[in-house]
Amino acid sequence: MDIAGLLSDQAQAFIHQYQCLNPSDLMLSKKCPDGVLLRELVQQIKGRQIAQSKIPNWYTTPGILFGESKSLEQCSSEKTASYKQRLISGTTLVDLTGGLGVDSYFLGTQFSRVDYVEPDPLLCKLAENNFKALKAHHIRVVCQTAEGYLKDLSNPVDWVYIDPDRRTAGRRQHQIQDCRPRVDDLLTEILRRTNQVMIKFSPMLDIRNAINALGQVKAVHVVSIRNQCKELVFLIQKGYQGELEMTAANFTPEDRLHLVTYGITEEVNAKCSFSAPSHYLYQPNASLMKLGAFKLICQRYQVSKLHPNSHLYTSRTLVSAFPGRTFKVQWTSDYKPRQITSRLPSKANVTVRNFITDEKSIRKACKLADGGDDYLFATTGPDGKPLIINGQRHLPG
């Protein structure tokens, strides 16, 4: 990649002029500044289009350059990086899997010195350019493998951050042993040089298996944006044997951060009540669902569960602080399509939880199109019978 050429006034003008166009269409264009490859300009336009919503701070900073799509797809968003930023601080940080450098930059605001470690020479060059553009002069770029860097590291550091590559031969990997570098193999070496480690994993990872494989886990954070699970963040403390703390973090559509934090034994010991649907129905957010805090929800928010395996909750009076979506129940019925068709709207949003059939079959049997203001929940009631609940969203005031 010709970094100097891409930073020229002519190239930057081209990128900004065409940044809203379809990159595929641009590849057919003959308008290109002399000395700069069109595919490299188009790559920057692709990067800016992704960064506009994913990393807005970088999007608005002059001189930022982007690598190939993979580095942008796998990097943290500004929102999730800023969330992790609040969890750690100190004097020295090492990011062993630098990538595009988003986490190095945002986490690095909490430290005096940062080492960005990355074996890909091009990503290192891009990182050097971007950190300079962002005036992050305290970040040092080290073009080396994580294993090689640790071998040469003699002085202890306050924190080590690692986000292993979750793609092998083009396929996404969700198990610790399939990611690179192998965090479980590398952890012993890391803990010889620091007492505190932050690890980012795919939201598809099995949390319990990861806790057992890693050991010394102090806290687990599940981070979601608009009810879509984005990251699992593990905090490891050398020699830690205390209570494991779990946090469900969700950025709402209104951009509010909703946090639910609890000790692992609180979920184990929580008592859960069961009830038929009452006035309000609740659907926990994606982070709570991923953590499996199903009994804790009942006890902490004074709601009842519909069925042990349904993970839907109900109450007679409104629980405005419930961490998830709230619905005002309009009616409930046994699942008998011929009898309930007359009560159904022409279209509805259908959610299936612990039910005898799937969404496609329900829509066909009930002649339902997708969308509208009505929500149908196909689930199982406390008596074990299939149940349909019609509700409408209750939005926060």
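FYI, it's all coordinate maths here, none of it is from the lab. Everything quoted here is computed from the prediction, not taken from an experiment. When we count neighbours, we look across all protein chains shown, and the Cβ atoms used for this are built from the backbone with ideal geometry, even at glycine.
Only helical DSSP H runs with n ≥ 4 go in: add -39500 (n - 2.57) per run for the chain, normalise by residue count and round the 222 nm mean residue ellipticity to 500 deg cm²/dmol.
Per the formula, -8500 deg cm²/dmol.
Which distance in nm do the two modelled labels at Leu37 and Thr145 give, with both placed 7 Å along the Cα-to-Cβ direction?
A separation of 2.7 nm, rounded to one decimal place.
Can you list the HN-Hα couplings for the range 52-63, worked out from phi with the Karplus curve (6.51, -1.76, 1.60; θ = phi - 60°), rounded to whole Hz and with x for Gly and Pro?
4, 9, 7, 9, x, 4, 6, 4, 8, 8, x, x
Within the range 221-270, report the GluC sites (Glu not before Pro) that DSSP leaves as loop and that have at most 15 other Cβ atoms within 10 Å.
For GluC sites (Glu not before Pro) across the range 221-270 that sit outside H, G, I, E and B with at most 15 neighbouring Cβ atoms in 10 Å, the list reads Glu243, Glu254.
Any chance you could list the semi-axes, whole Å, largest first, of the equivalent ellipsoid that the Cα gyration tensor gives for the range 297-397, using √(5λ)?
After scaling each eigenvalue by five and taking roots: 23, 16, 11 Å.
For the range 142-154, take each phi angle, set θ = phi - 60°, evaluate the Karplus expression 6.51 cos²θ - 1.76 cosθ + 1.60, and give the result in whole Hz per residue in order, putting x for glycine and proline.
Each residue of the range 142-154 in turn: 10, 8, 7, 6, 4, 5, x, 4, 4, 4, 8, 6, 9 Hz.
Where a ≥ b ≥ c are the square roots of the eigenvalues of the C-alpha gyration tensor, would you call the range 73-242 rounded, which needs a/c under 1.5, or, failing that, prolate if a/b is larger than b/c, or oblate?
Cα axes put the range 73-242 in the rounded bin.
Are any of the pairs Lys125/Lys200; Lys200/Lys295; Lys305/Lys385; Lys54/Lys132 more than 22 Å apart by Cα-Cα distance, and if so, which?
Lys125/Lys200; Lys200/Lys295
At q = 0.23, 0.25, 0.27 Å⁻¹, what base-10 log of I(q)/I(0) does the Debye formula yield for the range 3-54 when every alpha carbon is treated as an equal point scatterer in vacuo?
Debye curve over Cα of the range 3-54, log10 I(q)/I(0) at q = 0.23, 0.25, 0.27 Å⁻¹: -0.81, -0.95, -1.09.
Of all DSSP beta bridges in the chain, what percent run antiparallel (nearest 5)?
65
Test of understanding: ordering Lys305, Lys336 by Cβ neighbours within 10 Å, fewest first, what list do you get?
Exposure proxy ranking, most exposed first: Lys336, Lys305.
Could you calculate the FRET efficiency of Arg353 with Arg86 from 1/(1 + (r/R0)^6), where r is the beta carbon distance between them and R0 is 25 Å, rounded to 0.05?
0.15
For Asp334 and Gln10, calculate 0.36 nm times their separation in residues minus their Cα-Cα distance, and state this gained length in nm to one decimal.
Stretched fully, the Asp334-Gln10 segment lengthens by 109.9 nm.
Give, in nm to one decimal, the length gained when the segment between Asp184 and Ile50 is fully stretched (0.36 nm per residue of separation minus the Cα-Cα distance).
45.1 nm
At 0.36 nm per residue, minus the direct Cα-Cα distance, what do Glu245 and Gln175 gain on full extension? Give it in nm, one decimal, please.
So the chain would gain 23.0 nm between Glu245 and Gln175.
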